[in-house]
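Participant: Input: one structure, supplied below.
The values are calculated or read from the model by the stated rules, or taken from the named source; none is laboratory data. Values in this document were obtained by computation on a predicted structure and should not be read as measured data. All Cβ positions, glycine included, derive from the backbone under ideal geometry; neighbour counts span all protein chains shown.
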Amino acid sequence: MKYKKITAEDIAVLEAIVGKEHVYHDEENRNHYGHDETEDLKFMPEVIVKPRTAQEISEVLKHCNKELIAATPRGAGTGLSGGALPVFGGVIIAMERFNSILIIDERNLQATVEPGVINQVFQEAVIVKGLFYPPDPASKGSCFLGGNLAENSGGPKAVKYGVTKDYVLNLEVVLPTGEIIWTGANVLKNSTGYNLTQLMIGSEGTLGIITKIVFRLIPYPTQTLLMLVPFASAERACEAVSAVFRAGITPSAMEFMERDAIDWVMKFIEVNIEVKESTKAHLLVEVDGNDAETLMRDCERISEVMYQFDCDEILFAETAAQKENLWKMRRRVAEAVRSHAVYKEEDTVVPRAELAKLLKGVKEIGNRYGFKSVCYGHAGDGNLHVNIIKENLSDEEWTNKLPLGIREIFELCVELGGTISGEHGIGWVQKGYMDIPFDEVQIKLMKGIKTLFDPNDILNPGKIFN
Ligand code: 2HG
Ligand code: ZN
């Protein structure tokens, strides 16, 4: 598909729609919007527009659809699979001016928000009313809710509370051909036709642009307890994870960090905790609720399980400061790896009880291909972030040999009953591996849906599929 290069006439049309002051084509802005948080990727847009209403987006998309101009929606640019990058140039539709929390309906425990609201801003706005929006990606301080829907984002709390899709009731969406639709209804149960709401979630900005989100909320749990559990064996740490659930406890977070992850992040954020020489990995386990007694009992039960898997002395974080410190460490691991090494991030996911086999397999594949990895992530979901470190691999090996190793890792995930992305999406970087979890029948179905929504393939083209 050849996309039309943007002309002065196109710019004039865009300025007439969104206002001259909301159209940018200077070098600095084009550079800024040419990358997201995906390691070593850059694609320059020709122009950036910052609309304020669904109607404006509708007119922009109608113009792009008529002129065959590539249009890429973008939230905060915290994505990790290149999903918001304009791989064919064209126009970036930046959603940052859609930044209002429109309604917090305390009677129905619902909220209507715009996609450019930052995750943590929304969380804090409902907590003050005793309400809770649980999905908490590591980037929650900067990522937009619209981007969280685009990638069906997760985060540590997903293990107990589920992921973004579990909180969405209804969406206002602008289609690539300009129509503005609502996908559902503001109800907790809905069995009315195909589920267009869930189809939009995780569609990575390729089926339509979300302009309003109706979320369901739950009561806010007032208390938490947090434990950092050291292990002399990373595999034993992974084996302990599913045993906790079999013991009848659902923690509100169950994170895994290999030794390098914790060493590098302590150096990166200048926080220090005692780590024994023999420690190879940690689990960070949180329980939440409203009754301190129950939480203490849950922690005792979890500790018993952990000791059955040969953990070392467990660190209990009871004060807010101690908890804050441990979470800060976990949330900053990705940045610490980024600052420490050239790396490639893989967002593997398997059934929880297969985690140890996955970790073992990743290390074995790494030995055979000569690459080191630092693994951490949401062990409770079976979601392991494998950060492959370039270190002494040559550029040639990094570019041509490593993809073969990544392919073996993904084949192992599928063999273990898993798939190739738990929360970061496919976007641009993983599309070459889509033949591993899917056959041509499934891919054909997905491409058919894309063509139905976007017949001229102008919305976020080049993503998810080859
Ligand atoms: C996390 O869990 C985020 O820390 C980022 O999903 C993971 O960048 C990464 O590898
Ligand atoms: Zn993650």
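Participant: Identify, by number, the condition in (1) among the hydroxyl-bearing types (S, T, Y); (2) in a loop (DSSP other than H, G, I, E, B); (3) more than 16 Å from ligand 1 (Cβ to nearest atom) that T451 doesn't meet.
Facilitator: For T451, the exception is condition (2).
One line per residue, one yes/no per condition, for (1) within 24 Å of the chain's Cα centre (by Cα); (2) more than 11 Å from ligand 1 (Cβ to nearest atom):
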| position | (1), (2) |
| --- | --- |
| F316 | no, yes |
| V333 | yes, no |
| S339 | yes, yes |
| T348 | yes, no |
| K357 | yes, yes |
| V374 | yes, no |
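Participant: Within segment 103-157, track down each residue that is among the hydrophobic types (A, V, I, L, M, F, W, C) and within 18 Å of H378 (Cβ to Cβ).
Facilitator: Result: A138, C143.
Participant: Do we find that G155 is assigned to a loop (DSSP other than H, G, I, E, B), of a type outside the set (S, T, N, Q) and either within 16 Å of ligand 1 (Cβ to nearest atom) or not assigned by TED's automatic domain parsing to the domain that holds L131 (or both) in this structure?
Facilitator: Yes.
Participant: Kindly indicate whether any position in segment 126-134 is at pLDDT 95 or above and within 16 Å of ligand 1 (Cβ to nearest atom).
Facilitator: yes
Results for (1) outside the structural domain of V214 (by TED's automatic domain parsing); (2) buried (at least 22 other Cβ atoms within 10 Å of the Cβ); (3) in contact with a strand residue (DSSP E or B) (Cβ under 7 Å, 6 or more places away or on another chain), shown as yes or no for each residue.
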| residue | (1), (2), (3) |
| --- | --- |
| F88 | yes, no, no |
| N108 | no, no, no |
| P115 | no, yes, yes |
| V128 | no, no, no |
| F132 | no, no, yes |
| S139 | no, yes, no |
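Participant: List, please: which pairs have Cβ atoms under 7 Å, are six or more places apart or on different chains, and start with a residue in segment 198-209 that is in contact (Cβ under 8 Å) with a residue 60 or more places away in the chain and end with one that is among the basic types (K, R)?
Facilitator: G202/K165; E204/K463; T206/K450; T206/K463; L207/K450
Participant: Could you list, in sequence order, all residues of segment 379-395 that are out of contact with any Phe, Trp or Tyr (no Cβ under 9 Å at 6 or more places or on another chain) and more than 16 Å from ligand 2 (Cβ to nearest atom)?
Facilitator: Matches in segment 379-395: N392, S394, D395.
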